[in-house]
Amino acid sequence: MQKRWNQKRINRIRNNLLRVSVWLVLLIFAGCEDFFTSEATNVDIPGSEPQLVVYSFLSPGEKLTRVHVYRSIPYTMSMDDVEPVNDKASVYLAPTGEAFYQLEYNDLHNCFVAESDEFEVQYGQSYSLKVESYQGESVTANSLVPHTREMEVETEPLTLQLVEDDIWDEGHSVKHIQVDWKITLPANTGDGFMRTGAYMKRYIFHEGDSVAADVQVSQFGLERGQPYFAATENRTYAFRANKWRESYGFSGEHQGYDPPQEEGEVVDSVFVYVFQTDEHYYRFHKSLDEYFYYDDDFPFTEAVFIYSNIKGGLGVFAGYNRKEFYIPYPDIENQQ
């Protein structure tokens, strides 16, 4: 009886000592948090060696499929210490489970490419990627090009307009273009990952020319809604984007393709775009947005890790499909 009681007492003492030890360890690590924050740059991290960095986005309808291959530069090294990959790698793509197709390096694009008539990217197909470097490194990845999901994109009634705003307290106003749209995933279509935004095309004319010398694309800034979002079926998402007025012509007399008599720029149309993406595309761009959200001088940010789905290296291999919705430029004269 006495021995049994002593054994219970010993077990209780051991359990108490174990609890105390655990708490001490936690307190020690909590106290070291400031040390790790301030001294991490002076610590030689094991395994901090250059790695292959690969990124590629697959989309049906593109003339070229591109795969970019680089080598990472660890914090403790400089660019001179890391030998670039350039064309000294072998890059392979294939529909999952099928024979690989080898891409060729293109000096103009500084990446490995495949022509669409040789390697066709298809909706609803998963793909496998394999990259092997001249130094014996090997990385792999998988992605899915989503099916075209049924959705409703509402740009009517037309909400593209010029909006006049007071700037500071200087007593003058400027105008900017504003466009509103909504995206709805109907019921029974499933959830999905999306990207959306707006841009405009402007044509550059030189004096005396009757044909535009160049076409430029100008991205709108998103004022309402998130550019990358996980969409839920049977829910509507509202967006607003705008572009501040610059030097290009907004005059109604320059509508269509009638060039101005003097050198200048003419806005022709605005496009709303919607990407339907796989999860890798979504998670990579969300992490990138979070990484660049705060300036370097903001002291209270938490560490953000850039998402990667490259096995054995870094980067992203993802798929998407794209839809665009054309919005003719409105009658500006009636809005001035």
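Screening His280 against (1) at pLDDT 80 or above; (2) in contact with an Asp or Glu (Cβ under 7 Å, 6 or more places away or on another chain) leaves a single unmet condition, (2). Close Cβ contacts (under 6 Å, 6 or more residues apart or on different chains) running from residues in the range 93-120 that are at negative phi and assigned by TED's automatic domain parsing to the domain that holds Pro60 to residues that are surrounded by fewer than 11 Cβ atoms within 10 Å (Cβ to Cβ) and not hydrophobic (A, V, I, L, M, F, W, C) comprise Ser116/Lys63. Against the test of being more than 31 Å from the chain's Cα centre (by Cα) and either at pLDDT 90 or above or at positive phi (or both), the options Trp168, Trp181 yield a single qualifying residue, Trp168.
The values are calculated or read from the model by the stated rules, or taken from the named source; none is laboratory data. What you see is a predicted model, and the numbers here were worked out from it, not measured in a lab. All Cβ positions, glycine included, derive from the backbone under ideal geometry; neighbour counts span all protein chains shown.
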